[in-house]
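Note sheet for the following structure.
The values are calculated or read from the model by the stated rules, or taken from the named source; none is laboratory data. Everything numeric in this text was worked out from a predicted model, so none of it was measured. Every residue, glycine as well, gets a Cβ built from its backbone with ideal geometry; the counts of neighbours run over all protein chains shown.
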């Protein structure tokens, strides 16, 4: 009997709780949310259209905005920035850099950081096949700066987050022309540009493929595929 009474109490109290909600406010919030989504999509589209394929790189199939593109986007939306500090350290022998920067847009200002280590597979290769003394510290420093720049701009313009290849193509970018890299580094780190040196193979037929082809396929098909197998997938 007690279970029945408790169930009845829930039936009578739940509508009263719901009745306390301000439905006009909920509708207003919903309308504002729709407008916000539309605005974020417009920001993303405008940001992509001001860039070219030279401003992007595909890393593991994911588009990454380079410094040249980030600067274009910043100018489009009136974003300014200044470097607060840049610190250098050693990560197991590899050069590592961290930037702290301040960004401005209108009356809004934020601080963001960006780090990069030469130990990252992008620089040292899979399994760290490149020694610390073979890493160009200036490349690592520039990458840390670009990371900080990207972080600041994307916090001010959240519509730029989580962009994929399909969105780039919708924005008019020819993704076939974008440089691409994966983390399957061969004995030469995939830097020769030759398929046999890349360390990447087609997941379907096993043929050797370049870093660029592998990264492009990972973005489009979720796995590394040669050009012939990409055509079959399409």
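The listed residues are 80, 106, 93, and the only one of them that is in the same structural domain as residue 165 (by TED's automatic domain parsing), without any contact (Cβ under 8 Å) to a residue 40 or more places away in the chain, out of contact with any strand residue (DSSP E or B) (no Cβ under 7 Å at 6 or more places or on another chain) and farther than 19 Å from residue 140 by Cα turns out to be 106.
Conditions (1) within 22 Å of residue 215 (Cβ to Cβ); (2) assigned to a strand (DSSP E or B); (3) out of contact with any helix residue (DSSP H, G or I) (no Cβ under 6 Å at 6 or more places or on another chain), marked per residue:
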| position | (1), (2), (3) |
| --- | --- |
| 27 | no, no, yes |
| 36 | no, no, yes |
| 41 | no, no, yes |
| 47 | yes, no, no |
| 54 | yes, no, yes |
| 71 | no, no, yes |
| 83 | no, yes, yes |
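Reported count of residues in the range 157-166, each being within 12 Å of the chain's Cα centre (by Cα) and in contact (Cβ under 8 Å) with a residue 60 or more places away in the chain, is 6.
From 116, 100, 75, 126, grab the single residue that is surrounded by fewer than 18 Cβ atoms within 10 Å (Cβ to Cβ), assigned by TED's automatic domain parsing to the domain that holds residue 148 and free of Cβ contacts under 8 Å to residues at least 40 places away in the same chain. After ruling out the rest, the residue left standing is 75.
Residues in the range 141-157 that are within 23 Å of residue 36 (Cα to Cα) and in contact with a helix residue (DSSP H, G or I) (Cβ under 6 Å, 6 or more places away or on another chain): 150, 153, 154, 157. Take the conditions (1) modelled with pLDDT under 80; (2) closer than 30 Å to residue 135 by Cα; residue 60 misses just one of them, which is (1). In this structure, does residue 154 turn out to be out of contact with any strand residue (DSSP E or B) (no Cβ under 8 Å at 6 or more places or on another chain), closer than 19 Å to residue 56 by Cα, touching a residue at least 60 places away in the same chain (Cβ under 8 Å) and assigned to a helix (DSSP H, G or I)? No, not satisfied.
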